[in-house]
C-alpha cells in the first residue's frame with residue numbers, strides 16, 4: 001500500500017518484499033520507510049506552521065504574543081500545509097528527477113528543492129501577512145530551497161560535531177543554508193528595488209525565517225537522499241549493509257600488490273601481523289605524510305570496506321595523536337579495498 005522508499009525502484013514493485021532481499025531485511029508491517037518520511041514531513045510541517053503564524057502576526061516570534069484570531073489560525077494551518085507540501089514534494093520528486101536525468105540523488109534533491117521551494121515561497125505570500133507578491137516570494141523560496149539542499153548535503157557529508165543522523169544533519173544544514181539564502185535574497189532584492197538599508201534588513205529577516213523553514217524541508221529531503229545513496233540508516237547514520245568504510249595510506253609496492261592479487265595481504269616472509277587503518281580520509285592522508293618523510297615515496301589512499309563484526313573486534317588506539325585501527329592478518333582477506341586515486345597522487349607535507 002505504500003511506496004516505502006522513493007529512492008529505491010524496488011519500492012514500486014508490488015510483488016517484492018523488502019526490496020527482494022529477505023536475507024538482509026525484515027519489515028513485517030511495510031511501514032518502516034514511510035515512518036521515516038512521515039517524520040521528515042511532520043517536522044517540515046511544524047516549521048511551516050510556526051512561520052505562517054509569525055507572518056500573520058507581523059513578524060512576532062513569541063507564540064505567547066500572537067493574536068487569537070482567524071489570521072493566526074489561517075497562517076498556522078496554511079503554513080503547515082505548505083511546509084508539508086514542500087518536504088513531501090522534494091522527497092518524492094527528487095528520485096524521479098535524478099532517474100530521468102541520470103544524475104545523483106543530490107542533484108535530484110537540489111532541482112526538486114528549487115522547484116518546491118519556489119512553490120512554497122509563492123504560496124506563503126498568499127497567507128495572512130504575506131503581502132501577496134507571489135513571484136517575489138517564489139524567487140526567495142527558490143533561492144532558499146537551493147541553499148537548503150546545498151547546506152543539507154554539505155553537513156550530511158562533513159558532519160556536525162558528533163551528530164551521526166543524516167536526517168538531523170540535513171535538517172541543520174538545510175535550515176542554516178535556507179536562512180542564509182533567505183536573508184540574502186530578501187536583503188538584496190529590496191535594495192535592487194530602491195529600498196533603504198533598514199527596509200532591506202527587515203525584508204532579509206523575514207526572508208530568513210521563510211528560508212529556514214524552506215531549507216529545513218529541502219535539507220531533510222537531501223539528508224534522506226544522502227542516507228539512501230550511501231545505504232545508511234537515516235536516523236542513526238549506521239551502515240545498512242553491516243560494513244564500515246575505513247582508510248589506509250599505501251606505498252606504490254602495496255598498491256601494485258593489491259592490483260595483482262585483488263586483496264590486501266601481508267607479503268610472504270613479512271614480519272607484519274596485521275595492517276593499520278584510519279577511520280577517516282584525513283587521518284589516512286596524515287599517516288601518508290608521515291610515511292613520506294621517511295621513504296620519500298608517493299602514497300595512495302585506499303577506501304576499505306570492513307565487516308562490522310571484524311571492526312568491532314579490531315584493536316583501536318591512537319598513534320601520533322590520530323585514531324588508528326589494527327586489523328589482524330587473518331582478517332585481511334575479508335576486506336574489500338578500492339584505491340581512491342590510481343595516479344597514485346603524491347602526498348607531501
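No value in this document is a laboratory result; all are computed from the given coordinates. Only a predicted model underlies this, so the values are computations on that prediction, with no experimental measurement involved. All Cβ positions, even for glycine, are placed from backbone atoms using ideal geometry, and neighbour counts span all protein chains on display.
General observations
- When 130, 52 are checked against the criterion of being crowded, with 20+ Cβ neighbours inside 10 Å, touching a residue at least 24 places away in the same chain (Cβ under 8 Å) and not in a helix (DSSP H, G or I), a single residue qualifies: 130.
- Of all residues making up region 63-91, the number that are part of a loop (DSSP other than H, G, I, E, B) and either touching a residue at least 12 places away in the same chain (Cβ under 8 Å) or within 33 Å of the chain's Cα centre (by Cα) (or both): 1
- The residues of region 216-232 that are more than 14 Å from residue 104 (Cβ to Cβ) and in contact with a strand residue (DSSP E or B) (Cβ under 8 Å, 6 or more places away or on another chain), listed by number, are 231, 232.
- Selection within region 245-266 - more than 14 Å from residue 335 (Cα to Cα) and surrounded by 11 or more Cβ atoms within 10 Å (Cβ to Cβ): 249, 250, 251, 252, 254, 255, 256, 257
- The set of residues in region 315-337 being under 20 Å from residue 288 (Cβ atoms) and either touching a helix residue (DSSP H, G or I) at 6+ places or on another chain (Cβ under 8 Å) or touching a residue at least 24 places away in the same chain (Cβ under 8 Å) (or both) consists of 319, 320, 322, 323, 324, 325, 326, 327, 332, 335, 337.
Conditions (1) touching a helix residue (DSSP H, G or I) at 6+ places or on another chain (Cβ under 7 Å); (2) buried (at least 24 other Cβ atoms within 10 Å of the Cβ); (3) in contact (Cβ under 8 Å) with a residue 40 or more places away in the chain; (4) within 24 Å of residue 284 (Cα to Cα), marked per residue:
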{"site": "180", "(1), (2), (3), (4)": "yes, no, no, no"}
{"site": "187", "(1), (2), (3), (4)": "yes, no, no, no"}
{"site": "194", "(1), (2), (3), (4)": "no, no, no, no"}
{"site": "213", "(1), (2), (3), (4)": "yes, yes, yes, no"}
{"site": "220", "(1), (2), (3), (4)": "yes, yes, yes, no"}
{"site": "243", "(1), (2), (3), (4)": "yes, no, yes, yes"}
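- Test: residue in region 280-292 that is surrounded by 13 or more Cβ atoms within 10 Å (Cβ to Cβ), in contact with a helix residue (DSSP H, G or I) (Cβ under 7 Å, 6 or more places away or on another chain) and touching a residue at least 12 places away in the same chain (Cβ under 8 Å): no
- Just one of the numbered conditions (1) in a helix (DSSP H, G or I); (2) in contact with a strand residue (DSSP E or B) (Cβ under 9 Å, 6 or more places away or on another chain); (3) under 29 Å from residue 321 (Cβ atoms) is not true of residue 259: (3).
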